[in-house]
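Peer 1: Please see the structure below; I have some questions.
The values are calculated or read from the model by the stated rules, or taken from the named source; none is laboratory data. Model, not experiment: these values are computed from the prediction. No Cβ is skipped: glycine too gets one built from the backbone with ideal geometry, and neighbour counts run over all protein chains shown. Side chains included, ligands, DNA and RNA excluded: accessible areas come from the protein's heavy atoms. Shrake-Rupley method; radii C 1.70, N 1.55, O 1.52, S 1.80 Å.
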Amino acid sequence: MSTLAEVLATNTREGDLYTTLPDGRLRCHACGHCCPLPEGAVGVCQVRFNRGGRLLVPWGYVGGVQCDPIEKKPFFHAYPGALAFSFGMLGCDLHCGYCQNWVTSQAIRDPAAVVPPTGTSPADLVREAVRLRARVLVSTYNEPLITSEWAVAVFKEAKAAGLVTAYVSNGNGTPEVLEYLRPWVDLYKVDLKSFDDRHYRQLGGRLNPILDTIRRLEALDFWVEIVTLLIPGFNDSADELARLTSFIAGVSPDIPWHVTAFHRDYKMTAPADTTSDMLLAAAEIGRANGLRHIYAGNRPGQVEDLEDTRCASCQTTLISRVGYRVLDYRISSDGRCPTCGTFVPGRWSDRFEGQVASRPFVVSRLQVVH
Ligand code: SF4
């Protein structure tokens, strides 16, 4: 029987995101590691490798497919209530001990994280998404940047079918990968995990490529939302949160910031769970530093009005939510506050089309690779 790594090695195609260096090595541009790869070498992500002077990349499978409310991604300023057909491949370029998707993200690195790949095609994925009435197709669960060629192939089909497309990403990008994605990706969620380079190095990355990615995403006019998982003792000091939220506000005060509660998971079992009071205090810091749209996540019904969208000018409540559920929607057909007429930053439909599902559900029709 083949190992998982052997199965994945045969589900590949030549990538687009690489150049050949003068000494013959290949430079991968899919993520901020920018690995230089000699013949036979595998990247930090463990899914892209140099074989015979060509960079081979993951192709033709998914590690997981699920339908989520778009609020779960989370996007709060893009098509509220929409169903987000979500797929991932396997592998990641970071190795966060608290990862909540570790079964797919750490599939090759960690023997405890085993999930069988499912063979599929872009056309099959899009057909299934349309059948289930999804409005948005999302690359998520593992780090989508490292499997960008596959995501773009899927998104080309999705665009032809009239769907919106999205990345849920750690933001460890490069100028090359963002230019490559720009025609095909509409919405982009970045996990800004810390504002301390030493913390990022513990997770296997660096802070600067993430900050560069956020600036570029905004300049390239992707719709951007940012999430920070608040981990007691790791990234929750007032000073770090002040620097983090000032940075976001400096890029744009209209970027929604989701500060979400940590719960013990994977290998990070030491810190206590984040309380509602900690989320409220972090939100206050974000507000003091100029952010206009702040949300508290993972504690439904316990964070005052920090699940709702309010007008930044007159404070009218525009969307009421509890958890992933939309309770009320009052944004006008041209994306404005009905009370004062201020434009609400985001991507809005002409009208609220109801919520297809307020809970995730699994998609089980796809065929398994042997
Ligand atoms: S995706 Fe990132 S980690 Fe993987 S080979 Fe490319 S640069 Fe290296």
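Peer 1: In region 309-322, is there at least one residue being open to solvent by 20 Å² or more (accessible area, probe 1.4 Å), within 26 Å of Asp273 (Cβ to Cβ) and at pLDDT 95 or above?
Peer 2: Checked against the condition, which is being open to solvent by 20 Å² or more (accessible area, probe 1.4 Å), within 26 Å of Asp273 (Cβ to Cβ) and at pLDDT 95 or above, region 309-322 yields at least one hit.
Peer 1: Residues in region 69-79: is at least one within 30 Å of His293 (Cβ to Cβ), open to solvent by less than 10 Å² (accessible area, probe 1.4 Å), at pLDDT below 95 and more than 10 Å from the ligand (Cβ to nearest atom)? Write out each step before concluding.
Peer 2: Let us first name the residues in region 69-79 that are within 30 Å of His293 (Cβ to Cβ), namely 69-79.
Checking which are open to solvent by less than 10 Å² (accessible area, probe 1.4 Å) leaves us with 69-71, 75, 77-78.
So of that shortlist, the ones also at pLDDT below 95 come out as none.
Within region 69-79 (the criterion being within 30 Å of His293 (Cβ to Cβ), open to solvent by less than 10 Å² (accessible area, probe 1.4 Å), at pLDDT below 95 and more than 10 Å from the ligand (Cβ to nearest atom)), the answer is no, since none of the residues qualifies.
Peer 1: Mind listing just one residue for me: the one in region 20-35 that is within 21 Å of Asn170 (Cα to Cα) and without any contact (Cβ under 8 Å) to a residue 40 or more places away in the chain and, of those, farthest from the ligand (Cβ to nearest atom)?
Peer 2: Within region 20-35, the subset within 21 Å of Asn170 (Cα to Cα) is 27-35.
Next, from what is left, pick out any that are without any contact (Cβ under 8 Å) to a residue 40 or more places away in the chain: 27-28, 35.
Details: Arg27: 8, Cys28: 3, Cys35: 3 Å.
Only one residue tops the list, namely Arg27.
Peer 1: Applying the selection to region 113-135, what residues are in a loop (DSSP other than H, G, I, E, B) and either within 16 Å of the ligand (Cβ to nearest atom) or of a type outside the set (Lys, Arg) (or both)?
Peer 2: At the first step, the residues of region 113-135 found to be in a loop (DSSP other than H, G, I, E, B) are 113-117, 120-121, 132-135.
Within region 113-135, Ala113, Val114, Val115, Pro116, Pro117, Thr120, Ser121, Leu132, Ala134 meet the criteria.
Peer 1: Can you name the condition, by its number, that Val47 falls short on among (1) assigned to a loop (DSSP other than H, G, I, E, B); (2) more than 14 Å from the ligand (Cβ to nearest atom)?
Peer 2: (2)
Peer 1: Search region 242-262 for residues being of a type in the set (A, V, I, L, M) and surrounded by 23 or more Cβ atoms within 10 Å (Cβ to Cβ), and hand back the single one that is farthest from Thr275 (Cα to Cα). Before the answer, list the steps.
Peer 2: Of all residues in region 242-262, those of a type in the set (A, V, I, L, M) come to 242, 244, 248-249, 251, 255, 259, 261.
From the residues that got through so far, the ones that are surrounded by 23 or more Cβ atoms within 10 Å (Cβ to Cβ) too are 244, 248, 259.
Numbers: Leu244: 20, Ile248: 23, Val259: 12 Å.
Applying the filter and picking the extreme gives Ile248.
Peer 1: Separate question: If you check Gly64 against the conditions, is it closer than 30 Å to Val227 by Cα, within 14 Å of the ligand (Cβ to nearest atom) and in contact (Cβ under 8 Å) with a residue 40 or more places away in the chain?
Peer 2: On the way: closer than 30 Å to Val227 by Cα: yes; within 14 Å of the ligand (Cβ to nearest atom): no; in contact (Cβ under 8 Å) with a residue 40 or more places away in the chain: yes.
No: the conditions fail for Gly64.
Peer 1: Which residue pairs have Cβ atoms closer than 6 Å, lie 6 or more positions apart in sequence or on different chains, and pair a first residue in region 203-218 that is within 11 Å of Asn170 (Cβ to Cβ) with a second residue that is open to solvent by 60 Å² or more (accessible area, probe 1.4 Å)?
Peer 2: Matching pairs, first to second residue: Gly204/His95.
Peer 1: Sticking with this one: With the requirement that a residue be open to solvent by 70 Å² or more (accessible area, probe 1.4 Å), at pLDDT 95 or above and more than 16 Å from Val57 (Cα to Cα), what does region 1-24 give you?
Peer 2: Pro22, Asp23
Peer 1: Under 6 Å between Cβ atoms, which residue pairs at least 6 apart in sequence (or on different chains) link something in region 167-180 that is touching a residue at least 12 places away in the same chain (Cβ under 8 Å) with a partner that is part of a helix (DSSP H, G or I) and open to solvent by 10 Å² or more (accessible area, probe 1.4 Å)?
Peer 2: Final answer for the pair search is Asn172/Pro209; Leu178/Arg216.
Peer 1: Take the conditions surrounded by fewer than 24 Cβ atoms within 10 Å (Cβ to Cβ), over 30 Å from Gly97 (Cβ atoms) and among the basic types (Lys, Arg) and apply them to Arg201. Does it pass? Quick ask: steps written out before the conclusion?
Peer 2: Working: surrounded by fewer than 24 Cβ atoms within 10 Å (Cβ to Cβ): yes; over 30 Å from Gly97 (Cβ atoms): no; among the basic types (Lys, Arg): yes.
Answer is no for this residue.
Peer 1: So in region 160-193, with the set limited to residues that are among the aromatic types (Phe, Trp, Tyr) and crowded, with 24+ Cβ neighbours inside 10 Å, which one is farthest from the ligand (Cβ to nearest atom)? If you could, list the steps in order and put the result at the bottom.
Peer 2: To start, the set of residues in region 160-193 that are among the aromatic types (Phe, Trp, Tyr) comprises 167, 180, 184, 188.
Filter again for crowded, with 24+ Cβ neighbours inside 10 Å, leaving 167, 188.
Working: Tyr167: 14, Tyr188: 17 Å.
Among those that are among the aromatic types (Phe, Trp, Tyr) and crowded, with 24+ Cβ neighbours inside 10 Å, it is Tyr188.
Peer 1: Restricting to region 136-152, and then to whatever is touching a residue at least 60 places away in the same chain (Cβ under 8 Å) and outside any helix (DSSP H, G or I), can you tell me which residue is farthest from the ligand (Cβ to nearest atom)?
Peer 2: Here the residue is Val136.
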